[in-house]
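Read-outs throughout are calculated quantities, based only on the coordinates presented, and are distinct from any laboratory measurement. No experiment lies behind these values; they were computed from the predicted model shown. Methodologically, a virtual Cβ is constructed for each residue, glycine included, from the backbone with ideal geometry; neighbour enumeration extends over all protein chains shown.
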């Protein structure tokens, strides 16, 4: 199970859903939920947006991404000015 799959499973379980109950509540097939939770493939952004909206969390929270404080406050153009593309 990859990191995203593990996080998808964790948030589902923290919210008290089985895969089949989540499928019924969201209209996403249980097979897709299982497929992405297994970590064999990363879910498409549309799948993540749908689940984030359902749970009422951000995409970062859904996939367990923590942004360092200094990164979250950085000017988006700063990377380009420092020689990034």
Worksheet entry | Packing rank of 24-32, 6-14, where each peptide gets the mean count of other beta carbons within 10 Å, highest leading | 6-14, 24-32
Item to complete: Averaged over every viewing direction, what's the projected area of the C-alpha convex hull for the stretch 3-62? Give it in nm², one decimal, please.
Response: 3.4 nm²
Worksheet item: What is the list of residues in the stretch 1-40 whose amide nitrogen lies under 13 Å from a point 7 angstrom out from the Cα of residue 53, following Cα to Cβ?
Response: 26-28
